[in-house]
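Each value in this text was obtained by applying a stated rule to the coordinates, not by laboratory testing. Note that this is a predicted model, so its numbers are computed, not measured. Here the Cβ positions follow ideal geometry from the backbone for every residue, glycine too, while neighbour counts run over all protein chains shown.
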Amino acid sequence: MKIEIGESLVLSWLRHTKKCQLVQMNWKPSVESWDLMNKSVIEQVMRESDDYFKHEHDYGIYKKNTSLSQLIKQAEIDVMGVSYAGGLRSIYAVDVAFHESGLNYGSKDETIMKIVKKLLRTAMCVHGYFDCSEGDIIFASPKINYNIIENLDSCLIQVEKILRKNDLNFNIKLIANDYFNTEILQPVLEVTSSVADTSELFMRSIQMYQIFSEKSSISQLPKKIDTNSDDMLQNQRKIGERVREKLIQMFEENEISKEEVGLMQLAEYSKKIFGIQMPLLKKKLLADEKKPSRYWSKPIIRAYGAEYFICSEWYEKINKSCFDKWVGLKSQSTH
């Protein structure tokens with residue numbers, strides 16, 4: 001059986017970072033032997049998603065899959081993980097793709113349609129064969145070009161809305177680019193030296209590299225496997241650093257009103273003013289709350305008696321001019 005290096009990496013991530021006791025690569029349903037539960041709900045999700053993407057985006061996401069049975073027969077999830085703790089079960093279903101020159105399933109629209117289809121079908125399988133309506137449904141890739149992410153983000157928000165409308169509370173997540181590095185790659189590299197499982201091929205390849213490396217620290221890896229070496233990711237980090245530094249400064253100097261903090265928590269406002277797909281700020285509701293997907297864990301904005309996470313999805317070519325324009329207007333209004 002062919003094993004992709006991205007799948008091996010995600011398997012190690014689910015085992016050692018997400019603490020999954022059960023992990024399987026290349027999961028497929030046994031459609032002949034297993035009963036498909038919650039069929040009416042799944043069929044409703046298929047109809048609603050098909051209608052929405054046809055009418056709003058002219059996407060035929062299911063193409064020749066005219067029936068649910070055809071769609072499910074073709075299902076394959078790259079890596080599945082189940083974690084048990086305190087009597088609770090957490091399910092992770094991950095599709096991962098690694099294209100060195102950037103994710104490409106054809107045209108931009110074809111690429112977006114395929115990702116949307118994968119995520120929806122994965123959610124259907126989890127609900128139909130595990131009788132589970134909660135969990136993380138993830139598409140992961142170390143390199144996706146910004147022009148795809150710009151449109152894909154809004155599509156994934158709609159996917160989650162369709163699922164929640166049908167009482168399926170799955171978290172639909174895109175882990176890509178710099179976030180792929182910090183969320184998946186680096187945590188796995190940090191535990192590589194303490195794992196001695198020969199079945200985890202990604203880790204074994206890193207351990208082999210270490211044998212011949214003059215430097216023993218995993219953090220000293222050669223540039224060829226440094227996902228931050230790409231120019232786009234460097235640009236993303238530059239605008240991200242500017243956003244964080246400037247926002248902290250403006251909050252410290254009381255340049256942002258309570259009313260605007262409220263607006264910054266709205267996706268529509270953040271898209272219109274900053275060109276980002278997520279709300280700029282997300283309120284921290286619990287003292288021990290972990291940062292949400294696509295938000296920085298640090299720094300935390302403290303303002304008007306509350307704490308807020310800052311959106312981490314910024315791109316030089318798309319967002320820099322929007323953010324600089326907003327900063328300029330704020331500067332004019334305070335002088």
Subject >> Approximate spin-label separation residue 167-residue 205, in nm, with each point projected 7 Å along Cα-to-Cβ >> reply: 4.4 nm
Original post:
Calculated from DSSP H runs of 4 or more alone, at -39500 (n - 2.57) each and per residue, what is the 222 nm mean residue ellipticity of the chain, nearest 500?
Top reply: -14500 deg cm²/dmol
Subject >> Backbone HN-Hα couplings from phi across the stretch 43-60 [Karplus 6.51/-1.76/1.60, Hz, Gly and Pro as x] >> reply: 5, 5, 4, 4, 5, 5, 5, 4, 4, 4, 6, 5, 7, 8, 10, 6, 9, x
Original post:
What's the local net charge at residue 328, with K and R +1, D and E -1, over the other residues with C-beta under 14 Å away?
Top reply: +3
Original post:
For semi-axes √(5λ) of the Cα gyration tensor in Å, which listed value, (1) 37, 20, 18; (2) 33, 27, 19; (3) 29, 22, 19, comes from the coordinates shown?
Top reply: (2)
Original post:
Of 39/161; 143/271; 108/290; 258/325; 28/117, which pairs sit farther than 27 Å apart, going by alpha carbon to alpha carbon?
Top reply: 108/290
**OP:** With label points built 7 Å along Cα→Cβ from the Cα atoms of residue 259 and residue 54, find their separation and express it in nm.
**Re:** 4.5 nm
Subject >> FRET efficiency for residue 74 and residue 291, using Cβ-Cβ distance with R0 set to 30 Å, rounded to 0.05 >> reply: 0.30
Subject >> Residue list for the stretch 12-29, given a label point 7 angstrom along the Cα-to-Cβ vector of residue 198 and an amide N cut-off under 11 Å >> reply: none
Original post:
Roughly how many nanometres apart are two label points built 7 Å out from the Cα toward the Cβ at residue 31 and residue 151?
Top reply: 2.9 nm
**OP:** List the equivalent ellipsoid semi-axes of the stretch 230-335 in whole Å, largest first, each obtained as the square root of 5λ for an eigenvalue λ of the Cα gyration tensor.
**Re:** 20, 18, 12
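Tell me the trypsin sites (Lys or Arg not before Pro) within the stretch 4-90 that lie in a loop according to DSSP and have at most 14 other beta-carbon atoms within 10 Å. Don't skip to the end; give the middle numbers.
Values: sites: 15, 18, 19, 39, 47, 54, 63, 64, 73, 89; in loops: 18, 19, 63, 64.
Counting only loop positions with at most 14 other Cβ atoms within 10 Å, the trypsin sites (Lys or Arg not before Pro) in the stretch 4-90 are 19, 63, 64.
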